[in-house]
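This report refers to the structure that appears directly beneath it.
The values are calculated or read from the model by the stated rules, or taken from the named source; none is laboratory data. Everything numeric in this text was worked out from a predicted model, so none of it was measured. Cβ placement follows ideal geometry from the backbone for every residue including glycine, while neighbour counts extend to all protein chains displayed.
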Amino acid sequence: MLEQAKADLERSYQLNPKDPNSSCFLLVVARGLSLPKEEMEKYFKNSIASSPWHIGSHWMKLEYLKAKWQGSWEKMHDFATDCLRFSERYPFLGLVMVEALEEIHYWGSKKNENYLGRSDVWPTIENLYTNFFNKYPLDLRRRFSYAHHAYIAQKYDIAIHQFEIIGDRWMENTCWRSLRHYNSCRAFAYSAHAVTLPPKQAIEYMKKAIEVDPTEKNLHFNLGGFSRMAGETDEAEKAYLKVIEIDPREGKAYLQLSCMFWKDKKDLVKAKEYAEKALTCDLSREEKREAKECIKFCNKMLKNS
């Protein structure tokens, strides 16, 4: 099948050598048939002869040069670096380097290294996207890509900025697997950024996360924690009760409520009630000890009152 495609595309090129697309598709065939590098280079040169900045041809050559096909990390990176020479004028070519760096992040770096987020890597990606959007500010598909790369690099503030530019304008066939996956990561980005902020600001970001993914109990749990730290105990109570509404067996929410009513609201009856409910759920040994300590204290104080 690929052999037939090769013959058809070569014939197409002979009929119209000024059309770069035939040679671009031959780069795909070269990868599929494991053709030697010299053959791939011939197709690439034919393609850029008529269209020097043909993004598809540069992308397909990069794919061929990946270590999983006919190349290596070094060859792939060298080619992407070569593309950078023209990225100021042709921003799409800069995204070839972004693709190369993502490939290294997933397959050529140490586990849990966060290669894209490294101080010697991320500025390159950020600068390339900045240059791109200076010229193409309305390119929504690349906004999804930038949000994705910022997210996996754990640059959550940048990811959030892109998410907010995108808004609810969902597109199929981006780097996000599905709308559900996109919204889940979007909510996580808000939540992850919240932990870097003072409690009152963190609450704002947790509420944004919940707007995006309202059934994720951990978001409500974290909102409860930040609300309590901010002294907003009524809001904290609502958040923990929402956790229990989503998952009635979530013992940690009962435990937080018992602690809050014991230490903050001084309502020992409710504190004891929530601690007893916590013990009916799955808790760690330390959490069980904490619940029992609360019950013991409440019983003692209520008896003496």
- Item | Test: residue in the stretch 73-93 that is touching a Ser or Thr at 6+ places or on another chain (Cβ under 8 Å), closer than 30 Å to D157 by Cα, buried (at least 16 other Cβ atoms within 10 Å of the Cβ) and among the aliphatic types (A, V, I, L, M) | yes
- Query: Since E126 meets every condition but one in (1) within 16 Å of V98 (Cα to Cα); (2) in contact (Cβ under 8 Å) with a residue 24 or more places away in the chain; (3) surrounded by 21 or more Cβ atoms within 10 Å (Cβ to Cβ), which condition does it not meet?
  - Reply: (3)
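Name the one entry in A253, A194 that is under 30 Å from L138 (Cα atoms), aliphatic (A, V, I, L, M), crowded, with 17+ Cβ neighbours inside 10 Å and touching a Phe, Trp or Tyr at 6+ places or on another chain (Cβ under 6 Å).
Working: A253 fails: under 30 Å from L138 (Cα atoms).
Among A253, A194, only A194 is under 30 Å from L138 (Cα atoms), aliphatic (A, V, I, L, M), crowded, with 17+ Cβ neighbours inside 10 Å and touching a Phe, Trp or Tyr at 6+ places or on another chain (Cβ under 6 Å).
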- Item | the stretch 74-90 residues that are free of Cβ contacts under 8 Å to residues at least 12 places away in the same chain, paired with ones that are surrounded by 16 or more Cβ atoms within 10 Å (Cβ to Cβ) and not acidic (D, E) (beta carbon under 8 Å, 6 or more apart) | K75/L65
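For (1) surrounded by fewer than 21 Cβ atoms within 10 Å (Cβ to Cβ); (2) closer than 22 Å to W69 by Cα; (3) at pLDDT below 90; (4) of a type in the set (K, R), each residue gets a yes or a no:
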site	(1), (2), (3), (4)
M1	yes, yes, yes, no
A5	yes, yes, yes, no
R11	yes, no, no, yes
L27	no, yes, no, no
K42	yes, yes, no, yes
- Message: I'd like to check something: does the stretch 258-274 contain any residue that is of a type in the set (G, A, S) and in contact with a Phe, Trp or Tyr (Cβ under 6 Å, 6 or more places away or on another chain)?
- Response: yes
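If only one of M97, M60 is among the hydrophobic types (A, V, I, L, M, F, W, C), in the same structural domain as N134 (by TED's automatic domain parsing) and either buried (at least 20 other Cβ atoms within 10 Å of the Cβ) or outside any helix (DSSP H, G or I) (or both), which one is it?
None of the other options fit; the residue is M97.
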- Within the stretch 41-48, is even one residue assigned to a loop (DSSP other than H, G, I, E, B) and touching a residue at least 12 places away in the same chain (Cβ under 8 Å)? no
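Test L241 against the stated conditions and say whether it is buried (at least 20 other Cβ atoms within 10 Å of the Cβ), over 28 Å from the mean Cα position of the chain (by Cα) and closer than 17 Å to K270 by Cβ.
Considered against the rule, which asks whether it is buried (at least 20 other Cβ atoms within 10 Å of the Cβ), over 28 Å from the mean Cα position of the chain (by Cα) and closer than 17 Å to K270 by Cβ, L241 comes out as no.
Pick from M206, M301, M229: which is of a type in the set (A, V, I, L, M) and at pLDDT below 95? Don't jump to the end; show me each part of the working.
Details: M206 fails: at pLDDT below 95; M229 fails: at pLDDT below 95.
One residue alone meets the criteria, M301.
Filter the stretch 278-288 for residues that are in a helix (DSSP H, G or I) and free of Cβ contacts under 8 Å to residues at least 24 places away in the same chain; which is surrounded by the most Cβ atoms within 10 Å (Cβ to Cβ)? Show your work before the answer.
Of the stretch 278-288, the ones in a helix (DSSP H, G or I) are 278, 285-288.
With free of Cβ contacts under 8 Å to residues at least 24 places away in the same chain added as a condition, the list becomes 285-286, 288.
On the way: R285: 7, E286: 8, K288: 16.
Filtering the stretch 278-288 for residues that are in a helix (DSSP H, G or I) and free of Cβ contacts under 8 Å to residues at least 24 places away in the same chain, the one surrounded by the most Cβ atoms within 10 Å (Cβ to Cβ) comes out as K288.
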- Message: Name the single residue that is nearest to G251 (Cα to Cα) among those in the stretch 272-297 being of a type in the set (A, V, I, L, M) and within 39 Å of the chain's Cα centre (by Cα).
- Response: A278
- Task: With a cut-off of at least 3 residues that are without any contact (Cβ under 8 Å) to a residue 24 or more places away in the chain and farther than 18 Å from I160 by Cβ, name the helices (runs of 4 or more DSSP H) lying wholly within the stretch 202-271.
- Result: 233-246, 251-263
- Message: For the structure I just gave you, tell me whether R169 is of a type in the set (D, E, K, R), buried (at least 21 other Cβ atoms within 10 Å of the Cβ) and touching a residue at least 24 places away in the same chain (Cβ under 8 Å).
- Response: no
- Message: I need the full set of residues from the stretch 27-74 which are within 17 Å of G94 (Cβ to Cβ) and of a type in the set (K, R), in order please.
- Response: K61
